[in-house]
1. Hey, among 94, 111, 127, which residue is within 15 Å of residue 145 (Cα to Cα), within 19 Å of the chain's Cα centre (by Cα) and outside the structural domain of residue 16 (by TED's automatic domain parsing)?
2. Looking at the stretch 92-111 only, could you name the residues that are charged (D, E, K, R), touching a residue at least 24 places away in the same chain (Cβ under 8 Å) and surrounded by 11 or more Cβ atoms within 10 Å (Cβ to Cβ)?
3. Which residue is farthest from residue 82 (Cα to Cα), if the candidates are limited to the stretch 1-34 and must be over 13 Å from the mean Cα position of the chain (by Cα) and hydroxyl-bearing (Ser, Thr, Tyr)?
4. If you scan the stretch 121-148, which residues turn out to be surrounded by fewer than 16 Cβ atoms within 10 Å (Cβ to Cβ) and of a type in the set (Gly, Ala, Ser)?
5. Kindly provide the set of residues from the stretch 18-53 that are buried (at least 16 other Cβ atoms within 10 Å of the Cβ) and hydrophobic (A, V, I, L, M, F, W, C), ordered by number.
6. Within the stretch 40-51, can you find the residues that are over 19 Å from residue 88 (Cβ atoms) and within 14 Å of the chain's Cα centre (by Cα)?
7. Any residue at all in the stretch 148-156 that is at pLDDT below 55 and of a type in the set (A, V, I, L, M)?
8. From the list 87, 37, exactly one residue is assigned to a loop (DSSP other than H, G, I, E, B), under 16 Å from the mean Cα position of the chain (by Cα) and under 20 Å from residue 10 (Cβ atoms). Which is it?
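The values are calculated or read from the model by the stated rules, or taken from the named source; none is laboratory data. Note that the structure is a prediction, hence the values are computed from the model and not measured. Using ideal geometry, Cβ is built from the backbone for each residue, glycine included, and neighbour counts are taken over all protein chains shown.
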Amino acid sequence: MVEPESIAAMIEPSLVAMGYRVVRVVLTGGRRARLLVMAERGDEAPMTVEDCALLSRSLSALLDLADPIAGAYTLEVSSPGIDRPLVRAQDYDRFAGREARIELSRPIEGRRRFRGRLMGTSEGAVRLALSGGEISLPLGSVLRARLIGDDEFAAPLGNKKPRPQRAARSGTR
């Protein structure tokens, strides 16, 4: 099976040219393969269903030409949402001040799971403010990390309660 990183590298130039960024690409197998492309706007405005539909149509055409996935699959394009995954080192700096959950591949101080306020990165580590102080978690040990949705983040959306983003589906391949 093709690696999600190679698909991300293939689609990223097109998304950037359209004013978007790739957040994450996930390819699942099973009876019917599924390609999930998570993207965000380059201008950092909230993603809309129309953005997802536009990207879905464009990526569908690009993937039809390149044909990187053998067999049938379903393409889904979505926004990262308010509980956005933290994928790149710069994500931790960009979202400094926000609350996050981080899970490590190996324990630090007897723990693998941490929740606290992001303080950015320093010397290859994520700085996280916990209730008992600050901790540095090696970036290379981060297994999963995501922001925790909060009212402060939702406020710029026009003081409305954020509604869940639905994935735009381009259909079956």
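1. 94
2. Answer for the stretch 92-111, where residues must be charged (D, E, K, R), touching a residue at least 24 places away in the same chain (Cβ under 8 Å) and surrounded by 11 or more Cβ atoms within 10 Å (Cβ to Cβ): 93, 98, 99, 101, 103.
3. By that ranking, first place goes to 6.
4. Within the stretch 121-148, 122, 124, 129, 131, 132, 133, 136, 140 meet the criteria.
5. If the condition is that a residue be buried (at least 16 other Cβ atoms within 10 Å of the Cβ) and hydrophobic (A, V, I, L, M, F, W, C), then 22, 23, 25, 27, 33, 35, 36, 37, 38, 39, 47, 52 are the ones that fit.
6. 46
7. yes
8. 87
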